[in-house]
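The values are calculated or read from the model by the stated rules, or taken from the named source; none is laboratory data. If you're wondering where the values come from, they're calculated on a predicted model, not measured in any experiment. All Cβ positions, glycine included, derive from the backbone under ideal geometry; neighbour counts span all protein chains shown. The protein model used for the area step is the full one, side chains on, heavy atoms only, and it has no ligands, DNA or RNA in it. Shrake-Rupley method; radii C 1.70, N 1.55, O 1.52, S 1.80 Å.
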Amino acid sequence: VGVNIKDSNGELKNMDTILNELAGKWETLNKDEQVALAQKVAGIRQYTQLIALMDNWDFMEENLKTAYSATGAL
């Protein structure tokens, strides 16, 4: 899908970066492509978690922003 997992130096990118780039392309894939990609990336036992994450990426980003701006309080 055009997501490189290595940077220009040949080093593995941070997983957050890889997932963010994948999320940017997720909506361009049809459902069959999404399932096939998720199975390839996450494996047969965890692919549904990856699909759920990608389908709700905007919610995850919103929660990350909240966590990053939190002052440490629960």
Scan 67, 73, 52 and give me the residue that is modelled with pLDDT of 95 or more and among the small types (Gly, Ala, Ser).
52
Given the criterion modelled with pLDDT of 95 or more, surrounded by 11 or more Cβ atoms within 10 Å (Cβ to Cβ) and on the phi < 0 side of the Ramachandran plot, identify the matching residue among 33, 11.
33
Examine the stretch 48-71 for a residue that is more than 19 Å from residue 21 (Cα to Cα) and among the aromatic types (Phe, Trp, Tyr), and state whether such a residue exists.
yes
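Open to solvent by less than 50 Å² (accessible area, probe 1.4 Å) and over 21 Å from residue 64 (Cβ atoms) - does that describe any residue in the stretch 15-26?
In the first step, residues of the stretch 15-26 are kept if they are open to solvent by less than 50 Å² (accessible area, probe 1.4 Å); the result is 18-19, 22-23, 26.
If we keep only those that are over 21 Å from residue 64 (Cβ atoms) too, we end up with none.
No: zero hits.
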Under the condition of being open to solvent by less than 50 Å² (accessible area, probe 1.4 Å) and without any contact (Cβ under 8 Å) to a residue 24 or more places away in the chain, which residue from the stretch 36-51 is farthest from the chain's Cα centre (by Cα)?
43
